[in-house]
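See structure below.
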Amino acid sequence: MNLSMEEFLPYYGRRKGRRLSKASKRLLEKNLRAYLLPHKFSHPTCLFTHYPEKIFLEIGFGGGEHLAMEAKNHPENGYIGAEPFLNGVVSLLRHCKNDEIKNIRIWPDDIRLQVSSWPNNCLDGVFIMFPDPWPKNRHASRRIINKDNLEELSRLMKIGGELRIATDHSYAKNWILAGMLENPNFEWSVNHPKDWNIKPKNWPESRYMRKAIIEGRKPAWFNFKRVTN
Ligand SMILES: C[S@@+](CC[C@H](N)C(=O)[O-])C[C@H]1O[C@@H](n2cnc3c(N)ncnc32)[C@H](O)[C@@H]1O
């Protein structure tokens, strides 16, 4: 990859979250370079050592469990994950190392710093698993599902592409659904009124998903399709 650790190190300073242990820092320094998403590229298909059949983006991958499992199950595809918390990045790198996953590229920062230069219709799907719920109205602008972000996602996604969203937070269920239904570029893929209560079988677990289920909360599972309007 064409970004050196020296170029990456300035990002360290503005990270929030737990301090990295020495072992985590070592793992990051040794392994991130091979997975790091460059600042600029012409098309996501050029990022991988194979020509990927499909390209997916996960925004806010947390510890990377969902992304790593998707990538492991589908080596024919390419996956891009964004997560500003370095402990999460370290956790994903551990999954990549242990499972010899090669088809992931990591953006260790806010996804909004990347996507404006990406070409139209370059993504086959987007995953947003358990986004930060931002329940207070005064924090509404921080919600990941908002008008501007959805416009950008619809530009990036191919027609027929999947937008996968899950949440266990009651307010977030409302603002996610309201935002999605307002946007004519997406169609809610449901066959049955109870569909959103049932976890789709092919969605791998994420850390927040596991926590929600263990603590007895009922997540909502939303699947949207990019459509022409
Ligand atoms: C509640 S956590 C869920 C993590 C993971 N998806 C899971 O299900 O375990 C939400 C994550 O989204 C990340 N996030 C929020 N806004 C983001 C953005 N603009 N770009 C990338 N990641 C973001 C946060 O750093 C946080 O780790």
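Among the residues in segment 109-131, are any charged (D, E, K, R), within 13 Å of the ligand (Cβ to nearest atom), closer than 30 Å to Ala23 by Cα and in contact with a Ser or Thr (Cβ under 6 Å, 6 or more places away or on another chain)?
Within segment 109-131, none of the residues are charged (D, E, K, R), within 13 Å of the ligand (Cβ to nearest atom), closer than 30 Å to Ala23 by Cα and in contact with a Ser or Thr (Cβ under 6 Å, 6 or more places away or on another chain).
From the list Gly125, Gly216, the one residue that fits, being within 20 Å of Phe56 (Cα to Cα) and among the small types (Gly, Ala, Ser), is Gly125.
Considering only residues in segment 34-58 that are open to solvent by less than 20 Å² (accessible area, probe 1.4 Å) and within 16 Å of the chain's Cα centre (by Cα), the one that is nearest to Ile165 (Cα to Cα) turns out to be Glu58.
Just name the residue that is least open to solvent (accessible area, probe 1.4 Å) out of those in segment 194-213 that are out of contact with any strand residue (DSSP E or B) (no Cβ under 8 Å at 6 or more places or on another chain) and more than 13 Å from the ligand (Cβ to nearest atom). Talk me through it step by step, then tell me what you get.
So in segment 194-213, the residues out of contact with any strand residue (DSSP E or B) (no Cβ under 8 Å at 6 or more places or on another chain) come out as 194, 201-202, 204-205, 207, 210-213.
Within this subset, residues satisfying the condition of being more than 13 Å from the ligand (Cβ to nearest atom) are 194, 201-202.
Values: Lys194: 125, Lys201: 197, Asn202: 106 Å².
Looking at the filtered set, the residue picked out is Asn202.
Just so you know, in segment 132-151 the residues that are within 11 Å of the ligand (Cβ to nearest atom) and in a helix (DSSP H, G or I) include one that is farthest from the chain's Cα centre (by Cα), and it is Arg142.
Look at Arg155 and say whether it is touching a Ser or Thr at 6+ places or on another chain (Cβ under 7 Å), of a type in the set (D, E, K, R) and away from the ligand (no atom under 15 Å from the Cβ).
On the way: touching a Ser or Thr at 6+ places or on another chain (Cβ under 7 Å): no; of a type in the set (D, E, K, R): yes; away from the ligand (no atom under 15 Å from the Cβ): yes.
Judged against the criteria, Arg155 is not a match.
Number of residues in segment 62-93 that are open to solvent by 10 Å² or more (accessible area, probe 1.4 Å), outside any helix (DSSP H, G or I) and closer than 23 Å to Ala23 by Cα equals 4.
The values are calculated or read from the model by the stated rules, or taken from the named source; none is laboratory data. Quantities reported herein were computed from a predicted structural model and do not represent experimental measurements. In this analysis, Cβ positions are derived from the backbone assuming ideal geometry, glycine residues included, and neighbour counts consider all displayed protein chains. The protein model used for the area step is the full one, side chains on, heavy atoms only, and it has no ligands, DNA or RNA in it. Shrake-Rupley method; radii C 1.70, N 1.55, O 1.52, S 1.80 Å.
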